[in-house]
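For reference, the structure is listed below as structure tokens.
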Amino acid sequence: MPPSEFTFGRALNWGCDFAKGDILVFVSAHVYPLEPHWLEKLVEPFSDPKVGLSYGGQTGDHRSNYAEIQLLKTWFPDKENLDQKEPFCNNANCAVRRSLWEQHPYDEALTGLEDIAFAKQVLADDHKIAYIPDAQIAHVHEEGFRRILNRYRREAMAYQEISGRSELSLTKAVTLAARNITGDIRAALNDGDATEIPSAVSFRVAQFAGAYMGYRTEDDKHRQVVRRMYYPSN
């Protein structure tokens, strides 16, 4: 796919179009399964014809930022949920029923969170979302400050389009960053690894600065921002 044509939704739709099976399985390039029956567990919920989407657990590895591991613990708890009511999933480790994708292809205009938009449609169509923590992968982002900031910036831009919400004041962004930094420091000290604290603080600053910037991106600047985040400078 030429870089000038890339979006996450378009890449997913291309792959789905070429796939042959009734269940479409997605994994990101920067993940790997943590147990040999990962795939079997991920697709098992589809024995229920009402299940339209399943997604598995995620964690990091020794290369992961400590703060991001704490974030993954929050997003991907240990408890299984075969009928999740919230429109949440993550395409880094996910499976969907092909028939639903054919009815509602991934949104190719979003700058991210196309998986959240799809999950929202699954629930609207009266299908179930299943969360399987034992279908676990390691999801490794080896990113510097700028790439973390841009990731959360484009996801905030996408969230506005999906939810219609645009509120994230500077005060709220700073408060959320401080709250999460405090939690990361407490967890690192409890784990006896204070050396992780500086990089965790940097991650949280980038995360909430990016989200704040994304919510403030005006429509007329949207295209330029997307090109800067997606496409190579040359």
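The values are calculated or read from the model by the stated rules, or taken from the named source; none is laboratory data. These figures come from a predicted structure and were not determined experimentally. Glycine also receives a Cβ, built like all others from the backbone with ideal geometry; neighbour counts cover every protein chain displayed.
For segment 1-44, the candidate set comprises residues that are loosely packed, with under 15 Cβ neighbours inside 10 Å and of a type in the set (D, E, K, R); within that set, the residue that is modelled with the lowest pLDDT is 5.
For segment 125-175, a residue qualifies if it is among the polar types (S, T, N, Q) and within 21 Å of residue 111 (Cβ to Cβ), and the qualifying residues are 150, 160, 163, 166.
Among the residues of segment 45-63, those identified as over 13 Å from residue 83 (Cβ atoms) and surrounded by fewer than 18 Cβ atoms within 10 Å (Cβ to Cβ) are 47, 49, 59, 61, 62, 63. One residue alone among 123, 100, 113 is within 23 Å of residue 14 (Cβ to Cβ) and touching a strand residue (DSSP E or B) at 6+ places or on another chain (Cβ under 9 Å), and that residue is 100. Looking across segment 196-212, just one residue is among the hydroxyl-bearing types (Ser, Thr, Tyr) and under 18 Å from the mean Cα position of the chain (by Cα), and that is 212. Out of all the residues in segment 57-67, is one or more assigned by TED's automatic domain parsing to the domain that holds residue 84, outside any helix (DSSP H, G or I), of a type in the set (A, V, I, L, M) and touching a residue at least 60 places away in the same chain (Cβ under 8 Å)? No: zero hits. Reported count of residues in segment 130-150, each being assigned to a helix (DSSP H, G or I) and surrounded by fewer than 19 Cβ atoms within 10 Å (Cβ to Cβ), is 3.
Selection of first residues in segment 179-192 that are surrounded by 12 or more Cβ atoms within 10 Å (Cβ to Cβ) and of second residues that are basic (Lys, Arg), restricted to Cβ pairs under 7 Å at least 6 apart or on distinct chains, gives the following pairs, ordered by first then second residue: 180/204; 181/204; 184/204. Restricting the search to segment 51-106, which residues are among the small types (Gly, Ala, Ser) and closer than 22 Å to residue 139 by Cα? Answer for segment 51-106, where residues must be among the small types (Gly, Ala, Ser) and closer than 22 Å to residue 139 by Cα: 54, 56, 57, 60, 64, 67, 92, 95.
The residues listed here are 188, 173, 156, 178; of these, the one that is part of a helix (DSSP H, G or I) and touching a Gly at 6+ places or on another chain (Cβ under 6 Å) is 156.
Consider segment 108-129 and keep the residues that are within 15 Å of the chain's Cα centre (by Cα) and part of a loop (DSSP other than H, G, I, E, B). The one that is modelled with the highest pLDDT is 113. In segment 46-55, the count of residues that are over 30 Å from residue 194 (Cβ atoms), in a helix (DSSP H, G or I) and either in contact (Cβ under 8 Å) with a residue 40 or more places away in the chain or of a type in the set (A, V, I, L, M) (or both) is one or more.
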